[in-house]
Amino acid sequence: MDHTVIISKLEYNINIIKVMLKNISLEQARWKPSPQKWSLLEVICHLHDEEIDDFRQRLEFALLNPDKDWKRIAPDKWVSEKNYNHKNFKSSTDNFLTERKKSIHWLKGLTTPDWNAEDNYPFGKTMTAKKILVNWLAHDYLHIRQINSLNWSYLAKVAPSIDLRYSGDW
């Protein structure tokens, strides 16, 4: 896949995520379908931290500084360690959108990047810049699906007497 297409899809996802999270109440933002599942607020905080500490940084290392060690991250632990579900939903959303715009600006500013450049990441494996870029987009799609699922589940919660099967199988 052409890197310019992937970058344009990452940019397009700014609007998709922004619209999906528009007009969300604080109650809905913090609501979880079960204690072990994430809320919308936790998802957007995760996306923000991954934008900075994972995909953008690691792609930069692969392309520009392959000898630099990747710092270890713990996205699953950050949810509780950083107390995501008690943060401000609007500012958390805005922070992610701002960081994504920075990423797009940086990506579009790369001149003749070597997408086959390899970097060693912890665990003794190599990762190409292209693999990081494609997985960045895949990560977006996973969380867009998660946001969709949370929105649907919340609707089912607030309208418990309404049979949603008319809409189709979820």
Here the residues within the stretch 72-104 that are touching an Asp or Glu at 6+ places or on another chain (Cβ under 7 Å) and not polar (S, T, N, Q) are ILE73, PRO75, TRP78, VAL79, TYR84, PHE96, GLU99, ARG100, ILE104
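Let's see how each residue does on (1) surrounded by 12 or more Cβ atoms within 10 Å (Cβ to Cβ); (2) touching a helix residue (DSSP H, G or I) at 6+ places or on another chain (Cβ under 7 Å); (3) in a helix (DSSP H, G or I):
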{"residue": "VAL134", "(1), (2), (3)": "yes, yes, yes"}
{"residue": "SER149", "(1), (2), (3)": "yes, no, yes"}
{"residue": "SER153", "(1), (2), (3)": "yes, no, yes"}
{"residue": "TYR166", "(1), (2), (3)": "no, no, yes"}
{"residue": "TRP170", "(1), (2), (3)": "no, yes, no"}
Within the stretch 16-28, track down each residue that is surrounded by fewer than 20 Cβ atoms within 10 Å (Cβ to Cβ) and under 19 Å from ASN135 (Cα atoms). ILE16
Among what's in the stretch 38-72 and is surrounded by fewer than 17 Cβ atoms within 10 Å (Cβ to Cβ) and assigned to a loop (DSSP other than H, G, I, E, B), pick the residue that is farthest from the chain's Cα centre (by Cα). ASP67
For the stretch 29-37, indicate whether the set of residues that are buried (at least 19 other Cβ atoms within 10 Å of the Cβ) and either of a type in the set (Phe, Trp, Tyr) or touching a residue at least 24 places away in the same chain (Cβ under 8 Å) (or both) is non-empty. yes
Please enumerate the residues belonging to the stretch 73-132 that are touching a residue at least 60 places away in the same chain (Cβ under 8 Å), of a type outside the set (A, V, I, L, M, F, W, C) and assigned to a strand (DSSP E or B). ASP119, TYR121, THR128
Please specify each residue of the stretch 1-29 satisfying the condition of being over 13 Å from the mean Cα position of the chain (by Cα), of a type in the set (Asp, Glu) and at pLDDT 95 or above. GLU27
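The values are calculated or read from the model by the stated rules, or taken from the named source; none is laboratory data. Keep in mind the model is a prediction, meaning the values are calculated, not measured. Methodologically, a virtual Cβ is constructed for each residue, glycine included, from the backbone with ideal geometry; neighbour enumeration extends over all protein chains shown.
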